[in-house]
Amino acid sequence: MTNNAPNTIHDDTDRNTNLVELCQVSFGYGNRKVLRNINLQVPRGKVVAILGGSGCGKTTILRLIGGQLKPSEGNLWVDGQSVPDLHPEQLYQLRRKMGMLFQMGALFTDMSVFDNVAFQIREHTDLPESVIRLLVLMKLHAVGLRGTHHMMPSELSGGMARRVALARATALDPNLMLYDEPFAGLDPISLGVVGQLIRKLNDALGATSIVVTHDVQESLKIVDYVYLISEGAVLAEGDVQAILASEDPFVRQFVDGDVDGPVPFHYEAPDYRSMLMEVAR
């Protein structure tokens with residue numbers, strides 16, 4: 001379905017169903033509004049995509065969910081907790097239940113693959129090294145890269161590095177996975193592999209996933225629900241079939257990749273002929 005007005009505001013009952021909920025959330029830097037009255041619900045166990053062009057506020061939503069930023073208006077809840085109201089220690093405990101796959105993977109370049117995946121386990125648990133080794137190899141096996149544990153990030157292809165980063169993000173079996181442009185810069189084969197891993201790991205872990213991306217075709221293969229963001233507002237939302245069937249001009253342009261439409265090809269400028277005549281004078 002498409003949205004011409006803010007989404008319905010949900011009550012406390014919905015927070016038992018939704019792991020993440022944003023209610024009338026706005027955010028800006030100074031006078032520049034980045035998000036406007038965002039209402040967004042992520043049901044437990046589902047994979048939800050937040051789609052939109054570069055600079056539309058997608059990554060800002062992830063930062064709000066993770067507590068790195070606070071909304072200027074509205075509120076948001078993760079697992080029933082109001083994130084902006086949490087004290088630092090409470091926020092730290094909540095983040096332990098989250099996994100994050102950063103743009104381009106963001107592996108520690110001076111650590112081996114094994115140590116990258118082991119980092120969170122060593123940081124947040126007191127498990128002996130023998131157990132950590134088993135867990136790391138298990139996580140690498142899940143992404144098909146158990147044989148790379150001794151390698152350095154510089155020895156990996158882009159797709160392999162993204163899969164190692166995914167193993168690291170799921171090392172503590174998080175309840176919530178946040179993906180920031182997981183398909184960026186990948187070749188077609190790696191893109192398909194990462195997409196299927198996002199879906200399979202979500203289901204295997206019983207987790208909930210939010211995928212922020214502008215890659216429409218790949219994300220629609222794996223997600224349960226879609227929010228389409230433009231200029232800081234939700235312009236459309238629905239399941240995959242509803243988005244594909246939408247006749248909204250903006251949705252059609254975004255899904256089909258049309259050159260011109262509601263988002264024009266030409267940046268606003270004076271009449272072309274007038275400009276040429278002025279230059280000729």
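Readers should treat all values here as calculations from the given coordinates under stated rules, not as data from a laboratory. Being a predicted model, the structure only gives us computed values, none of them experimental. All Cβ positions, even for glycine, are placed from backbone atoms using ideal geometry, and neighbour counts span all protein chains on display.
Here are the numbers for the structure shown:
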{"item": "Length added when fully stretched, residue 97-residue 217, from 0.36 nm per residue minus Cα-Cα", "result": "40.3 nm"}
{"item": "Paired Rg and Dmax values of the chain, which use every Cα atom, in angstrom", "result": "20.9, 80"}
{"item": "Cα long-axis angle, helix 158-169 against the chain (0 to 90 degrees, to the nearest 10)", "result": "60 degrees"}
{"item": "Percent breakdown of C-alpha pair distances by 10 Å bin, ordered from the shortest bin, for the stretch 111-173", "result": "25, 60, 15, 1"}
{"item": "Residues residue 256 and residue 137, FRET efficiency given R0 of 45 Å [Cβ-Cβ distance, rounded to 0.05]", "result": "0.55"}
{"item": "Cα principal axis extents for the stretch 11-134, largest first, Å", "result": "48, 34, 28"}
{"item": "Amide H partners (placed H, <5 Å) of residue 73, local residues excluded", "result": "26"}
{"item": "Simple spin-label estimate for residue 89 and residue 269 in nanometres, 7 Å along Cα-Cβ", "result": "6.0 nm"}
{"item": "Dipole magnitude (debye, nearest 20) for the chain, charges at Cβ of Lys, Arg, Asp, Glu", "result": "600 debye"}
{"item": "Positive dipole terminus of the chain, leading residue within 225, 251, 236 (C-beta point charges)", "result": "225"}
{"item": "Fluctuation leader among 147, 30, 53 - the chain, Gaussian network, Cα springs under 10 angstrom", "result": "30"}
{"item": "Most mobile listed residue (19, 137, 220) in the chain, GNM with C-alpha springs under 10 Å", "result": "137"}
{"item": "Pairwise FRET efficiency - residue 79 versus residue 224, Cβ, R0 = 25 Å, nearest 0.05", "result": "0.85"}
{"item": "The stretch 43-109: Cα Rg divided by the 2.2 N^0.38 Å rule of thumb", "result": "1.22"}
{"item": "Under-5 Å amide H pairs with residue 100, H placed in peptide plane, nonlocal only", "result": "178"}
{"item": "The stretch 123-231: Cα Rg divided by the 2.2 N^0.38 Å rule of thumb", "result": "1.13"}
{"item": "Karplus-derived HN-Hα couplings along the stretch 80-92 (A = 6.51, B = -1.76, C = 1.60, θ = phi - 60°), whole Hz, x at Gly and Pro", "result": "x, 9, 6, 4, x, 9, 6, 6, x, 5, 5, 5, 4"}
{"item": "The chain: Lys pairs at Cα distance under 27 angstrom, eight or more positions apart or on different chains", "result": "19"}
{"item": "Gaussian network model of the chain, springs between alpha carbon atoms under 10 Å - residue of 210, 222, 132 with greatest fluctuation", "result": "132"}
{"item": "Candidates per chymotrypsin sites (Phe, Trp or Tyr not before Pro) in the stretch 164-267, loop by DSSP, up to 13 other Cβ within 10 Å", "result": "265, 267"}
